[in-house]
């Protein structure tokens, strides 16, 4: 039986019970208009609902009953015990049918209601047809406004036929039918007792407050249970142990049970959306398709209520701002119908709700401008921000970039309100926006607000709770003073920044006591510290604590308003021992560390996996020293691993220093020119070049003197071409720092790293790339290959070059750029002009199938991933050869 | 530890609900105050704002919180934010180890405990002994005091609990 029908049955049973009472009351006080109104409303609702559900038999009976009530309400019929009896019989029949529905799994039981309906109709018409004999004598009481007056008016003129006797009995025609009234009640009577018996237990409506109270009580019970457990732990072989264990189990079951009563499918929060989207589509003149997945994902009622409005708002936003008009979509090569997709699913005790549209993406440039004009960030700050970071400005208060305030959105309720609401329930919100392809919002909310499992830790003498949900693992770390040879699980420092090697990854660490500015006593040395590895968005962060206690179930209580600004805490709670404890918010900690879910901090194992590097993004730079005292830097994303190798591992082969590394030989290139073989250990930056297309997978080790630090900087390289191996100088961490040209060092290791052998007779290549960093990296790399390279910052500059008469053999262009992006550039080029036939290679951080298809459609000759130098060179090779062949 | 040194003040008693009394004999309006001392100064808070009076409590420190916030404590299962009245009024810290008492007040369904040196008696004071703040009162006091009551032997500063609890969120 579907939910709708179940709800209907529950509701109808309640209504029927009310109706019984009300009708009896009406019989006693026929002039009680309130009761009459109530009866009428109840019957009308039943009739309307069963019509909607397609329950025709029920509808007919209810309709017949309603017509009698209409007459009574309109004053056309006087309430008499017989009329009430007839209506009650109708109700009994309705009950019988409803019972049948419940037992027959939603199918109406067979039965003949004609007699009953006829009786009801007769009752309804009784008064109308009654006047016929008496009509001459008196004006029909029908038009009289109320039954009471009807009686009063009728009584003196006609000797009481209307008032004292039921109308149907007086009329010959109804009388003939009247006997027919009798059988139905007899028939229905035996069914009636069954009604209560069968329908009662299915569902009961319970007030929300009752459930809330129950939940609060259970939460307190859980806390008390925890308290008891803690007490019993300190007392060995207590007589309470066994009953306490039992109490504990029952409490858990009770908690689960109560929790279940509050679970509702998220579809309940969505059911208004199709209509909303339909209306919106109409209003803003767009074609919108709403797709919903995972509507049956269940979550706590309270959470559901709180998430409803934010979700509605996001869908509204997507429809209004996210999706383009059909014309725009056509122009962009998309289908006219925009799509909004809702997706809900469970993920580790949380529910993820995605609201995605396939529209134009967020207007990053507009957001930048708005953030600047609102003074929320300085120009310099903005320049240092990635598009992702810029996009998050829409979560700030009062931030709406919609040019016009439409009726649909932009009513002052912005994404900031959505964010606040989501965070209020312990959730997080993030977004991903791709120009031209749409925006996806990710809302992560807890299943329930009531009870969470938390890890209790200690730092600086204070205890804190970390929600278990964000804890990945616990690592016990040896101090840096430890002489242990195992580099695993030892806190190391790059400058003063602690890091931990954790299975081939460098895990950034943060000390909790440092973060919270707690006093650390001298005994709290690093020896024997614990690291709580937490997941924040896509990144991992290790939180150094002094001690880890137990996990405990806690009831999250919001912190006092005057403490809400401390983003490190998501709430507070009372522990089993009665003490108050603050609950840490790993997201807040990450924000304080400037990580905020971006993956720029952690060196990925493979440079090709790194999907960062968009223009103006802050680049994580690895600082090191080699040769002279001045610091050198290399983008961390280009470094596969950092190794600290013993002298003995260095071997020589054909005059080249090499080492065995992961089952093969890795050439070692000393940056300072010579290997200092006196040093017992060597710091090595490992570069990895994987090219699946060519089956290439090689690595190279750059030997440096000392690894200093990892810093995040907006990289602006002052190019200087005269020093081999150096791209130029940049200000990193406040110091002038040489940025090394990785391409140069790679070629030092293996001559054919870039197929350097072939020269290309000074082919001219135009690089269109807005990121200084990539431009500065590509220009020398391609120059080294023998190409004559010119660089332009964006499409507009490139067009200027074309219009000024410059000519090239090929164009390599970034896809995402301000002013005029790659797609627009290539479309313009292909539309005519001197460069119409040039090979144009797209260079993008994203190279998914869809992007490639879009790119090819726009006119790109080839599509290459931004970090894939090998592929770029191969592609250039191919394009230029093809161009030659055509020319020949 | 619940109830340790805790005594409920009958705020619901009909006369004191509004905190105002008609003195039957003089006809002057009276207000009822809970008196307390902080750094030897006698202060009073209107009795209707006081939910509870607590003795020494275990207080959990809250890192990164404003200096006025001493921490939070557990009052019969509710978390109460403790505000150090000495800090709030710019007074020197109490000597280490001095027992403190607190007066619990509710604001916007949140409970706050004002840490004071001593809570004394409940006084009913006639309005004719009330005076506005003297203009020379230090700014921190002036900002949080409603006025002064002249008692026989000393002066009592009437503290405005609402203003005391209105800590700037960015504190």
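Which of the residues spanning the stretch A:281-302 are under 13 Å from residue A:339 (Cα atoms) and in a helix (DSSP H, G or I)?
The one that is under 13 Å from residue A:339 (Cα atoms) and in a helix (DSSP H, G or I): A:281.
Any idea how many residues of the stretch A:83-112 are touching a residue at least 60 places away in the same chain (Cβ under 8 Å), touching a helix residue (DSSP H, G or I) at 6+ places or on another chain (Cβ under 8 Å) and in a loop (DSSP other than H, G, I, E, B)?
1
If residue A:846 meets every condition in (1) under 19 Å from residue A:332 (Cα atoms); (2) in a helix (DSSP H, G or I); (3) modelled with pLDDT under 80 apart from one, which number is that one?
(2)
Scan the stretch A:291-298 and tell me whether some residue there is in contact with a helix residue (DSSP H, G or I) (Cβ under 7 Å, 6 or more places away or on another chain), modelled with pLDDT of 85 or more and within 19 Å of residue A:325 (Cα to Cα).
Checked against the condition, which is being in contact with a helix residue (DSSP H, G or I) (Cβ under 7 Å, 6 or more places away or on another chain), modelled with pLDDT of 85 or more and within 19 Å of residue A:325 (Cα to Cα), the stretch A:291-298 yields no hits at all.
Return the total of residues in the stretch B:108-138 being within 22 Å of residue B:70 (Cα to Cα) and either part of a helix (DSSP H, G or I) or more than 14 Å from chain A (Cβ to nearest Cβ) (or both).
Restricting attention to the stretch B:108-138, the residues satisfying the condition of being within 22 Å of residue B:70 (Cα to Cα) are B:108-120.
Those still in the list that are either part of a helix (DSSP H, G or I) or more than 14 Å from chain A (Cβ to nearest Cβ) (or both) too: B:115-120.
Residues meeting the conditions: 6.
I need a count of the residues in the stretch A:412-431 that are in contact (Cβ under 8 Å) with a residue 24 or more places away in the chain and surrounded by fewer than 17 Cβ atoms within 10 Å (Cβ to Cβ).
3
Restricted to the stretch B:77-107, and to residues that are at the interface with chain A (Cβ under 10 Å from one of its Cβ atoms) and out of contact with any helix residue (DSSP H, G or I) (no Cβ under 9 Å at 6 or more places or on another chain), which residue is modelled with the lowest pLDDT?
From the stretch B:77-107, those at the interface with chain A (Cβ under 10 Å from one of its Cβ atoms) are B:77-83, B:107; that's our starting set.
Keeping just the survivors that are out of contact with any helix residue (DSSP H, G or I) (no Cβ under 9 Å at 6 or more places or on another chain) gives B:78-80, B:82.
Values: B:78: 81, B:79: 88, B:80: 92, B:82: 94.
In this case the residue turns out to be B:78.
Any idea which residue in the stretch A:211-225 is farthest from the chain's Cα centre (by Cα), counting only those that are crowded, with 20+ Cβ neighbours inside 10 Å and more than 11 Å from chain B (Cβ to nearest Cβ)? Quick ask: steps written out before the conclusion?
Of the stretch A:211-225, the ones crowded, with 20+ Cβ neighbours inside 10 Å are A:215, A:218-219, A:222-223, A:225.
When the remaining residues are screened for being more than 11 Å from chain B (Cβ to nearest Cβ), the result is A:215, A:218, A:222, A:225.
Numbers: A:215: 27, A:218: 30, A:222: 30, A:225: 35 Å.
Here the residue is A:225.
Filter the stretch A:481-530 for residues that are within 14 Å of chain B (Cβ to nearest Cβ) and at pLDDT below 80 and give the result.
Within the stretch A:481-530, A:519, A:520 qualify.
For the stretch A:567-584, name all the residues that are facing chain B (nearest Cβ under 8 Å), touching a helix residue (DSSP H, G or I) at 6+ places or on another chain (Cβ under 9 Å), under 27 Å from residue A:542 (Cβ atoms) and surrounded by fewer than 22 Cβ atoms within 10 Å (Cβ to Cβ).
Residue satisfying the conditions is A:568 alone.
Let me spell it out: the conditions are (1) out of contact with any helix residue (DSSP H, G or I) (no Cβ under 9 Å at 6 or more places or on another chain); (2) under 28 Å from residue A:500 (Cα atoms); (3) buried (at least 16 other Cβ atoms within 10 Å of the Cβ); (4) at pLDDT below 75, and residue A:735 meets all of them except one. Which number is the exception?
Just one mismatch for residue A:735, condition (3).
If residue A:560 satisfies every condition in (1) crowded, with 22+ Cβ neighbours inside 10 Å; (2) more than 24 Å from the chain's Cα centre (by Cα); (3) modelled with pLDDT of 85 or more but one, which is the exception?
(3)
State all residues of the stretch B:28-74 that are at pLDDT below 90, at the interface with chain A (Cβ under 10 Å from one of its Cβ atoms) and outside any loop (DSSP other than H, G, I, E, B); if no residue qualifies, say none.
Answer for the stretch B:28-74, where residues must be at pLDDT below 90, at the interface with chain A (Cβ under 10 Å from one of its Cβ atoms) and outside any loop (DSSP other than H, G, I, E, B): just B:74.
Could we say that residue A:832 is over 28 Å from the mean Cα position of the chain (by Cα), closer than 14 Å to residue A:810 by Cβ and surrounded by fewer than 16 Cβ atoms within 10 Å (Cβ to Cβ) here? Please lay out each step first, then the result.
Working: over 28 Å from the mean Cα position of the chain (by Cα): yes; closer than 14 Å to residue A:810 by Cβ: no; surrounded by fewer than 16 Cβ atoms within 10 Å (Cβ to Cβ): yes.
When the stated conditions are applied, residue A:832 does not pass them.
Report yes if some residue within the stretch A:464-473 is at pLDDT 85 or above, over 30 Å from residue A:304 (Cβ atoms), surrounded by fewer than 18 Cβ atoms within 10 Å (Cβ to Cβ) and outside the structural domain of residue A:359 (by TED's automatic domain parsing); otherwise report no.
Within the stretch A:464-473, one or more residues are at pLDDT 85 or above, over 30 Å from residue A:304 (Cβ atoms), surrounded by fewer than 18 Cβ atoms within 10 Å (Cβ to Cβ) and outside the structural domain of residue A:359 (by TED's automatic domain parsing).
In this structure, does residue A:689 turn out to be within 38 Å of the chain's Cα centre (by Cα), modelled with pLDDT of 75 or more and not assigned by TED's automatic domain parsing to the domain that holds residue A:496?
Working: within 38 Å of the chain's Cα centre (by Cα): yes; modelled with pLDDT of 75 or more: no; not assigned by TED's automatic domain parsing to the domain that holds residue A:496: yes.
Taking the combined requirement at face value, the residue does not satisfy it.
Taking the stated definitions as given, is residue A:825 buried (at least 21 other Cβ atoms within 10 Å of the Cβ) and not in a loop (DSSP other than H, G, I, E, B)?
Here the answer is yes, as residue A:825 does meet what is asked.
Across the stretch A:531-557, what is the number of residues that are more than 14 Å from chain B (Cβ to nearest Cβ) and under 27 Å from the mean Cα position of the chain (by Cα)?
Matching residues across the stretch A:531-557 total 12.
State all residues of the stretch A:354-369 that are touching a helix residue (DSSP H, G or I) at 6+ places or on another chain (Cβ under 6 Å) and either farther than 23 Å from residue A:444 by Cβ or surrounded by fewer than 21 Cβ atoms within 10 Å (Cβ to Cβ) (or both); if no residue qualifies, say none.
Initial filter on the stretch A:354-369 (touching a helix residue (DSSP H, G or I) at 6+ places or on another chain (Cβ under 6 Å)): A:355, A:357, A:359, A:362, A:364, A:367-368.
Those that are touching a helix residue (DSSP H, G or I) at 6+ places or on another chain (Cβ under 6 Å) and either farther than 23 Å from residue A:444 by Cβ or surrounded by fewer than 21 Cβ atoms within 10 Å (Cβ to Cβ) (or both): A:364, A:368.
Can you tell me how many residues within the stretch B:139-171 are assigned to a loop (DSSP other than H, G, I, E, B), surrounded by 14 or more Cβ atoms within 10 Å (Cβ to Cβ) and more than 14 Å from chain A (Cβ to nearest Cβ)?
Selection size over the stretch B:139-171: 2.
The values are calculated or read from the model by the stated rules, or taken from the named source; none is laboratory data. The model shown is predicted, which means the values in this text are computed figures rather than measured ones. Here Cβ is always computed from backbone atoms with ideal geometry, including for glycine, and neighbour counts include all displayed protein chains.
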